[in-house]
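Since the structure comes first, as structure tokens, the remarks are kept for the end.
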Amino acid sequence: MEVIVAKTAGFCFGVERAVDKVYEQIGKTERPIYTYGPIIHNEEVVRDLEEKGVRVIESEEELKALSDGVVVIRSHGVAQAVEEEIQALGLPYVDATCPFVKKIHQLAAESGEQGKVFLLAGDKDHPEVKGILGHCKGENFTVKSNQELVDLLKNHPELRTKPLAFAAQTTFHAGEWEKCLETLKKLCTNAAVFATICNATARRQKEAKTLAQRCDRMIVVGGRDSSNTAKLRDICAEHCETYLIERADELPVFSAGLSVGITAGASTPASIIK
């Protein structure tokens, strides 16, 4: 059996940076450590941190109940109101938001200040998107596909001539983004486009497609709640039979002689891939 592992598989810069920041706190403080939301979308990593005493809090109510401790903001980022709440409580905190996501926060805020409608390509239920929209200061919309963009412009024809700022969730499907851009060019007269899909995401998606085209089967390793992992699964599934797994014990049994490609989401540690 031929097994090919994607060179781009595994932790991206933003995820590795966030995880490192939590482990740094474990080694330098006696205070309780909390992450606002899971630091990344990987159960193995979150479980290991929990075993070392790091607790996940999921809401502002839990945040307000803290009397002591260090808060680490997750890699996906949070809404501006959450950042301000942490500061108002006087709790020491570490901002582990991916720098690429922080740039979109700034873009979302500036767009509203400039009177532009902020339009985001992404999953409205994803924590990264919720955090981005929590920095908007004006009218904003979210679309998760080109078809949703077409429908939005049909239902809100006034957007075709309004000044728009169009950006994407860092892990948005690169192919779907290109379709959205074509729609904008055809239907909108005053849209500023910002290429905010992370370069690591784009490279990973491109390599996954290439591998899937040459392999009989694809294994995508990563958390089932991970947006970028789901995108990889969808891309690979267009070309060959694809399996999304979180752990080695979920591996299917393959027939001899097959070629199997392996890629992994940005939140998947090298140890799990190995």
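The values are calculated or read from the model by the stated rules, or taken from the named source; none is laboratory data. Since this is a predicted model, take the numbers as computed values, not measurements. Cβ: placed from backbone, ideal geometry, glycine included. Neighbour counts: every protein chain shown. Accessible surface is based on the protein model in full, side chains and every heavy atom, while ligands, DNA and RNA are left aside. Shrake-Rupley method; radii C 1.70, N 1.55, O 1.52, S 1.80 Å.
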Where a Cα-Cα gap under 30 Å defines reach, which lysines qualify for Lys116, not counting those fewer than 8 residues away within the same chain? Lys102, Lys103, Lys124, Lys130, Lys137, Lys144, Lys154, Lys162, Lys179, Lys185, Lys186, Lys231
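Subtract the Cα-Cα distance of Glu148 and Asp225 from 0.36 nm times their separation in residues, and report this length gain in nm to one decimal.
Details: separation 77, 0.36 × 77 = 27.72 nm, distance 2.19 nm.
That pair, Glu148 and Asp225, stretches by 25.5 nm at full extension.
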Extension gain Lys206-Glu60, at 0.36 nm per residue separation less the Cα-Cα distance, in nm? 48.7 nm
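To the nearest 0.05, how large is the calculated FRET efficiency for Arg47 and Glu241 if R₀ is 22 Å and r is the Cβ-Cβ distance?
0.15
In percent, how large is the relative contact order of the chain, given Cα pairs closer than 8 Å and 6 or more residues apart? Kindly include the intermediate steps, with their values, before the conclusion.
Values: 517 pairs, mean separation 60.6, N = 274.
Reported relative contact order: 22 percent.
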Rounded to one decimal in nm, the spacing of the 7 Å Cα→Cβ label points at Asn190 and Lys124 is 2.4
How much of the accessible area of region 1-80, probe 1.4 Å, is carbon plus sulfur, in whole percent? 44
Compare the peptides 57-69, 36-48 by average per-residue count of other Cβ atoms within 10 angstrom and give them in order, highest first. 36-48, 57-69
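Could you estimate the translational diffusion coefficient of the chain from the Stokes-Einstein equation, with Rh from the Kirkwood formula over C-alpha pairs, at 25 °C and 0.890 mPa s, in whole µm²/s?
Values: Rh = 19.9 Å.
It diffuses with D of about 123 µm²/s by this estimate.
Under the 0.36 nm per residue contour assumption, what length would be gained going from the current alpha-carbon distance of Phe13 and Thr29 to full extension? Present the calculation step by step, with values, prior to reporting the outcome.
Working: separation 16, 0.36 × 16 = 5.76 nm, distance 2.44 nm.
Extending this stretch completely gives an extra 3.3 nm.
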Going 7 Å from the Cα of Glu158 along its beta-carbon direction, which residues of region 101-131 have the amide nitrogen within less than 13 Å of the resulting point? 117
Label model pair Ala270, Ala81: point-to-point distance (7 angstrom along the Cα→beta-carbon line) in nm is 4.2
Could you work out which residue, out of Ala256, Ala79, Ala121, moves most in a Gaussian network model of the chain, that is, has the largest mean-square fluctuation with Cα springs under 10 Å? Ala256
